[in-house]
Amino acid sequence: MNPGILRLLHLREQTEAAGETLASERGRFAALADPSAAPRVVSSLNLFQTPPALADRLAGYLLPVDGRILEPSAGLGRLYRAIRDAGQAGPVVMVEQSPECCRELYDLTTEDPDATLKQGDFLTRTAADLGGLFDGVVMNPPFKQWRDIKHIRHARTLLTPGGRLVAICANGPRQRAALMDEATDWIDLPPGSFTEEGTRVNVAVVVMDAYPLSRRLAPGSGFLLSTVQETQNDA
């Protein structure tokens, strides 16, 4: 057969094969062309989100809660997601200062009638501003300039008698001096727990109950003993 004809036939086969490949990928291309499918980047000062696995653990330390839950400095709502994923119903109030984060939180909670979003500085908010006291608080406050201490102390004033607060804080000497004596439990997390979120700050989980304990529990003892042992074994 004429070499020119052979070349044309070969080109035809290549074109048909390419067409089949494009047809098989049509759905993926259509999805990529959808503006809503594009990655969304949110930037906010001191935004270090709670790693998802840790968010689930914090929800487990807090839940179940019979009443209202507060999430200060809600960021992009990972703790809120963990609360709902754990099956906790009922009112959840989130406070967030960043307008960019608030837009994301609004989209996240738009179909949840029991979720309330308040934009503003959490440290200026009172129980009256937030609709009353709370039965549970779960939080990942900003760490810079020891702000986590101020945020946790302020959040504790918003608890009902018998309420519980579960918070992440920087695991430094100032935090230990300021918060450990008030804690029901203190859990040292392994170094690098927040590396995936862009910070190497060592962190701990602090648990506070809004009523006097009959006896002070030593750090790492009591109702979270198994979790503490688990954490130490992972370290």
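Would region 113-128 turn up any residue that is over 17 Å from the mean Cα position of the chain (by Cα), β-branched (Val, Ile, Thr), surrounded by 14 or more Cβ atoms within 10 Å (Cβ to Cβ) and part of a strand (DSSP E or B)?
No: zero hits.
Hey, could you check region 92-116 for residues that are without any contact (Cβ under 8 Å) to a residue 40 or more places away in the chain and touching a Leu at 6+ places or on another chain (Cβ under 7 Å) and say which is nearest to VAL65 (Cα to Cα)?
That would be MET94.
Yes or no: ASP148 surrounded by 19 or more Cβ atoms within 10 Å (Cβ to Cβ), of a type in the set (Asp, Glu) and part of a helix (DSSP H, G or I)? Show your work before the answer.
On the way: surrounded by 19 or more Cβ atoms within 10 Å (Cβ to Cβ): yes; of a type in the set (Asp, Glu): yes; part of a helix (DSSP H, G or I): yes.
The answer is yes for ASP148.
Could you list, in sequence order, all residues of region 179-208 that are in contact with a helix residue (DSSP H, G or I) (Cβ under 8 Å, 6 or more places away or on another chain), surrounded by 15 or more Cβ atoms within 10 Å (Cβ to Cβ) and not in a helix (DSSP H, G or I)?
Correct list: THR184, ASP185, TRP186, ILE187, ASP188, LEU189, SER193, ALA204, VAL205, VAL206, VAL207, MET208.
Name the residues in region 62-75 that are surrounded by 17 or more Cβ atoms within 10 Å (Cβ to Cβ) and touching a residue at least 60 places away in the same chain (Cβ under 8 Å), would you? Steps first, please.
If we filter region 62-75 for residues that are surrounded by 17 or more Cβ atoms within 10 Å (Cβ to Cβ), which is where we start, we get 62-63, 65, 68-75.
Of everything in region 62-75, those that are surrounded by 17 or more Cβ atoms within 10 Å (Cβ to Cβ) and touching a residue at least 60 places away in the same chain (Cβ under 8 Å) turn out to be LEU62, LEU63, VAL65, ARG68, ILE69, LEU70, GLU71, PRO72, SER73, GLY75.
Within region 132-153, does at least one residue satisfy the condition of being among the small types (Gly, Ala, Ser) and farther than 18 Å from TYR80 by Cα?
Within region 132-153, the subset among the small types (Gly, Ala, Ser) is 132, 136.
Imposing the further condition that a residue be farther than 18 Å from TYR80 by Cα reduces the set to 132.
Among the residues of region 132-153, at least one is among the small types (Gly, Ala, Ser) and farther than 18 Å from TYR80 by Cα, which makes the answer yes.
Each reported figure results from applying straightforward, stated rules to the coordinates on display, with no laboratory input. If you're wondering where the values come from, they're calculated on a predicted model, not measured in any experiment. With ideal geometry, Cβ positions are generated from the backbone for all residues, glycine too; neighbour counts draw on all protein chains shown.
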